[in-house]
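One structure is given below, encoded as structure tokens.
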Amino acid sequence: MRHRVAKRKYNRDTNARKALMTGLLRQLVLHGAVVTTQAKSKELKRQADKIISRAKKDTIAVRRLLHRTFGKRDVVNTLVERIAPKFPERNSGFTTNRSLGKRRGDNVELVKVSLLEMPERVGTLKSDKTHEPAVKKAKPAKKEVAKKVSKAAKADKPVVKKKAAPKKVTKEAPAKKK
């Protein structure tokens, strides 16, 4: 009997489940919304509420806990500095589910999970920093080809390709009759 069993398994082992939820949470933080199945969206909503309510307390211990979940500093910074300040009065219910209909291949219900308050800019804080693009110098490819041609012309030697060695032909014995 499954009395008071809260976990969903999704036909995966423990590590695969953790990786699935971590990936979905990361996409939710980076893009503000994610499309997934209804069953996964319910678990994602639970996890997102826990993560965002933790991120509202901006301490080093909380950042370390979040880093243990996400593994990327820029995702943690985005969550703590952009998303969590959007919900000062709210204690839970940071996400909303919107039904998108059924998927064509397997007829499963798809849901778009999105944050209630979207940040001004989507993406990580790391991607917002303006980097001046490095200007690559154009290499004169035509001059290099011209140099090679002129060297061959100066040498006045015809370019001769080496012939491949002839393949050895082995005779196979005829099949034996039974």
Checklist entry - Treating the beta-carbon of each Lys and Arg as +1 and of each Asp and Glu as -1, no other charges, what is the dipole magnitude of region 14-128 about its Cα centre, to the nearest 20 debye? => result 360 debye
Item to check | Selected from 16, 84, 99, residue furthest toward positive end of dipole (region 14-128; charges at beta carbon) | outcome: 16
Checklist outcome for this item: Going from the fewest other Cβ atoms within 10 Å to the most, one would list 95, 170, 22, 78 as 170, 22, 95, 78
Next on the checklist: Defining a contact as two alpha carbons under 8 Å apart and six or more residues distant in sequence, what relative contact order in percent does region 14-128 show?
Outcome noted: 35 percent
Checklist entry - Using the alpha-carbon centroid of each, what span in Å lies between region 1-78 and region 88-116? => result 14 Å
Checklist outcome for this item: Of all GluC sites (Glu not before Pro) in region 28-99, the ones in DSSP coil with at most 10 other Cβ atoms within 10 Å are 89
Checklist outcome for this item: Listing 86, 18, 163 by rising number of other beta-carbon atoms within 10 angstrom, fewest first, gives 163, 18, 86
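Rule-based calculations on the coordinates, nothing more; no lab input. Keep in mind the model is a prediction, meaning the values are calculated, not measured. Virtual Cβ from ideal backbone geometry, glycine too; neighbours counted across all protein chains shown.
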